[in-house]
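First comes the structure, then the notes that go with it.
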């Protein structure tokens with residue numbers, strides 16, 4: 001485990017020092033704290049490496065077993081406060097590692113689009129939750145048949161044969177924002193490709209917008225009221241669902257690796273943003289270095 005911690009710290013430092021300095025510049029009087037941002041990021045990632053997904057559990061694990069490696073570790077309150085200020089840093093680290101994977105792969109034409117709920121509260125509590133109201137609200141997850149208060153993580157990813165899809169774009173929207181509206185607002189260019197989505201993306205105007213970019217949209221047929229789908233339509237639906245299934249595998253892997261879906265311990269907007277982007281950065285780190 002010591003070697004694992006050393007390698008993690010060195011990789012974080014290397015990326016931190018070679019990325020754009022504007023992402024990590026500290027402009028306060030405390031520009032050179034005794035416990036560096038690199039150490040805090042390493043502690044957070046190392047906790048996830050060891051199956052700990054909450055800040056308190058990660059901090060206590062570090063205090064109990066690794067305090068000699070981080071002699072200037074601040075108090076728990078300061079640890080949380082400083083982590084919550086590293087949203088852009090985590091975004092930059094995750095983006096840098098993701099670019100590293102893309103540089104080594106052959107570009108794919110097929111893209112998958114879908115969203116994943118990050119839940120601050122669910123069921124009855126979703127109607128009264130007030131955390132992070134600036135970016136979160138109540139929505140419905142059809143896949144889990146659950147009302148929840150939180151945000152949705154949207155992604156457009158490249159299909160890879162025999163591997164998890166690789167995200168092209170990741171962004172957050174409030175839970176109430178429909179998947180189709182979110183993708184339209186993001187205005188992501190998808191020139192000369194094929195996009196596979198679920199029934200939420202079955203929209204003629206959206207298909208025409210993509211067609212102008214020479215991109216084809218494939219979504220399952222919706223069952224008409226009072227009628228059944230034809231055998232051809234059912235066969236087409238099975239084909240589309242089979243081709244877009246890897247994005248479900250990506251979301252399942254992401255949740256198993258980080259427990260990103262469960263944000264019930266989050267108590268502020270800043271903490272929610274770090275909860276999402278820090279866990280995504282760790283997932284990209286795992287994807288690059290095959291953890």
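The values are calculated or read from the model by the stated rules, or taken from the named source; none is laboratory data. The structure displayed is predicted, hence computed values, not measured ones. Here the Cβ positions follow ideal geometry from the backbone for every residue, glycine too, while neighbour counts run over all protein chains shown.
So, in the range 15-28, of the ones that are surrounded by 12 or more Cβ atoms within 10 Å (Cβ to Cβ) and under 23 Å from the mean Cα position of the chain (by Cα), which residue ends up modelled with the highest pLDDT?
15
Okay, residues lined up against (1) within 30 Å of residue 46 (Cβ to Cβ); (2) assigned by TED's automatic domain parsing to the domain that holds residue 139; (3) under 18 Å from the mean Cα position of the chain (by Cα); (4) free of Cβ contacts under 8 Å to residues at least 12 places away in the same chain:
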| residue | (1), (2), (3), (4) |
| --- | --- |
| 201 | no, yes, no, no |
| 210 | no, yes, no, no |
| 217 | no, yes, no, no |
| 223 | no, yes, no, yes |
| 242 | no, yes, no, yes |
| 246 | yes, yes, yes, no |
| 277 | yes, no, yes, no |
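Looking at the range 186-232 only, could you name the residues that are modelled with pLDDT of 85 or more, within 24 Å of residue 248 (Cα to Cα) and not in a loop (DSSP other than H, G, I, E, B)?
Across the range 186-232, the qualifying residues are 194, 195, 196, 199, 200, 201, 206, 207, 210, 216, 217, 218.
Would you say residue 176 is part of a helix (DSSP H, G or I), in the same structural domain as residue 241 (by TED's automatic domain parsing), free of Cβ contacts under 8 Å to residues at least 60 places away in the same chain and at negative phi?
no
Just for strands (runs of 3 or more DSSP E) wholly inside the range 62-160: which have at least 2 residues that are buried (at least 20 other Cβ atoms within 10 Å of the Cβ), in contact (Cβ under 8 Å) with a residue 40 or more places away in the chain and in contact with a helix residue (DSSP H, G or I) (Cβ under 8 Å, 6 or more places away or on another chain)?
110-122, 146-160
If you scan the range 234-273, which residues turn out to be outside any helix (DSSP H, G or I) and in contact with a helix residue (DSSP H, G or I) (Cβ under 7 Å, 6 or more places away or on another chain)?
260, 261, 263, 266, listed by residue number.
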